[in-house]
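Chemist: Let me begin by handing over the structure; questions about it come next.
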Amino acid sequence: MIVRKIDPFDLRQIALSGQCFRMEELGAEQTAALWELRDDFFGEARKELQGYRIISGGRLLLAIQGGDEMLWFCGDDEVPYWDNYFDVQTDYGAYLSAADEEDGYLCRASRFGSGIRILRQDLWETIISFVISQQKSIPNIRALVKRISARYGKRILPETGRYGDRCLGSPEPEAYSFPTPLELSAASLEDLTDMKLGYRAKYIKRLCEDVLSGDLDLELLRKMQYGQARKYLLSFYGIGEKVADCICLFGLHHIDAFPIDTWIRKILFREYLPRSRKALSVPEGRRASALAEEFFSRYEGFSGVMQQYLFYYERMKPEDEKYLPSILNGAR
């Protein structure tokens with residue numbers, strides 16, 4: 001068990017920010033029981049706790065947050081991996097303070113989602129997850145990623161399992177790594193279709209073939225700068241502009257990527273088009289991109305962080321603050 005303090009940081013905000021589909025909330029009973037395993041716990045007044053089960057890169061972490069303190073249930077040797085995963089070394093306070101005070105919507109959004117960090121996720125898993133995300137709600141994406149992992153990935157047998165046994169008297173649910181391109185290539189197109197992937201099944205099958213043939217070179221992609229990586233990704237079947245930008249932001253950690261999905265497009269047109277000096281002269285199909293360039297290019301090198309604040313705020317802010325009812329059910 002490792003005690004960590006990271007500021008700013010909020011597990012729940014990260015889990016609900018739409019960038020990751022392998023963070024599963026723990027029940028209140030297990031969360032409280034794990035928190036009480038701390039050596040310095042003496043029946044203190046219980047803080048508001050958040051508990052999550054996180055799978056990444058063949059590893060499993062149980063993470064509990066209470067106030068500004070976190071408990072990580074993992075071995076000492078895994079701490080560097082999770083530090084990197086949560087982008088611990090980056091100063092997100094600097095990003096928060098950079099929000100233009102004259103941009104009221106962004107200021108509210110950044111304050112509301114101030115605990116968000118851009119995770120450093122596995123590239124292959126991110127590619128497939130965001131191909132799946134097309135016209136899918138976030139709960140459905142999570143379910144499909146979990147189903148693919150259980151069927152084609154490897155079972156994870158972490159030392160953290162003993163904590164679940166100790167707290168609840170029963171084993172934790174089985175955890176599986178996301179399948180490698182070779183492992184996932186064992187799935188036929190019919191297999192993928194039967195998993196309710198719809199038209200995305202053929203995209204996934206082709207991407208597996210492209211990686212195994214060397215046409216999609218993941219190592220080469222990791223070395224590319226944002227613009228080059230985006231162009232490269234767009235050359236592959238099933239990857240459009242939004243998915244390419246999500247892969248760049250969440251899988252390659254190019255935090256200057258600014259994905260424009262249904263939620264961000266709505267924000268841009270509602271909040272920024274009325275004050276734009278340029279966008280109305282741009283063809284409608286490129287207008288959202290023009291608005292993003294006009295208002296967010298000032299955040300050079302980290303506009304993707306601002307995108308996450310906007311996305312989270314639009315989805316999660318209290319109902320009485322919303323301008324329009326949600327009809328998209330969380331679809332990215």
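The values are calculated or read from the model by the stated rules, or taken from the named source; none is laboratory data. For clarity, every value in this text was computed on a predicted model and none was experimentally measured. A quick note on method: Cβ atoms are made from the backbone with ideal geometry, for glycine too, and the neighbour counts reach across all protein chains shown.
Chemist: Can you tell me which residues in region 186-213 are small (Gly, Ala, Ser) and under 24 Å from the mean Cα position of the chain (by Cα)? Spell out the reasoning first.
Modeler: Of all residues in region 186-213, those small (Gly, Ala, Ser) come to 186-188, 198, 201, 213.
Within region 186-213, GLY198, ALA201 meet the criteria.
Chemist: Scanning for something polar (S, T, N, Q), loosely packed, with under 14 Cβ neighbours inside 10 Å and over 20 Å from PHE112 (Cα atoms), does region 284-293 turn up at least one residue? Don't jump to the end; show me each part of the working.
Modeler: Taking region 284-293 first, the residues polar (S, T, N, Q) are 289.
Narrowing the set further to residues that are loosely packed, with under 14 Cβ neighbours inside 10 Å leaves none.
Within region 284-293, none of the residues are polar (S, T, N, Q), loosely packed, with under 14 Cβ neighbours inside 10 Å and over 20 Å from PHE112 (Cα atoms).
Chemist: Just to verify a result, which residue in region 238-263, among those that are surrounded by fewer than 22 Cβ atoms within 10 Å (Cβ to Cβ) and out of contact with any helix residue (DSSP H, G or I) (no Cβ under 6 Å at 6 or more places or on another chain), is farthest from CYS208 (Cα to Cα)?
Modeler: THR262
Chemist: Please find, within region 173-199, the residue that is farthest from ARG59 (Cα to Cα) out of those that are of a type in the set (Gly, Ala, Ser) and surrounded by fewer than 18 Cβ atoms within 10 Å (Cβ to Cβ). Let's see the steps before the verdict.
Modeler: Narrowing region 173-199 to residues of a type in the set (Gly, Ala, Ser): 175, 177, 185-188, 198.
From what's left, surrounded by fewer than 18 Cβ atoms within 10 Å (Cβ to Cβ): 185-186, 188, 198.
Working: SER185: 22, ALA186: 22, SER188: 27, GLY198: 29 Å.
Out of the qualifying residues, it is GLY198.
Chemist: For region 118-135, which residues satisfy the criterion of being among the aliphatic types (A, V, I, L, M) and buried (at least 20 other Cβ atoms within 10 Å of the Cβ)?
Modeler: ILE118, LEU119, ILE127, ILE128, VAL131, ILE132
Chemist: Restricting to region 136-150, what's the tally of residues that are surrounded by fewer than 19 Cβ atoms within 10 Å (Cβ to Cβ) and either on the phi > 0 side of the Ramachandran plot or among the small types (Gly, Ala, Ser) (or both)?
Modeler: 3
Chemist: Which residues, counting only those in region 302-322, are at pLDDT below 95 and outside any helix (DSSP H, G or I)?
Modeler: LYS317, PRO318, LYS322
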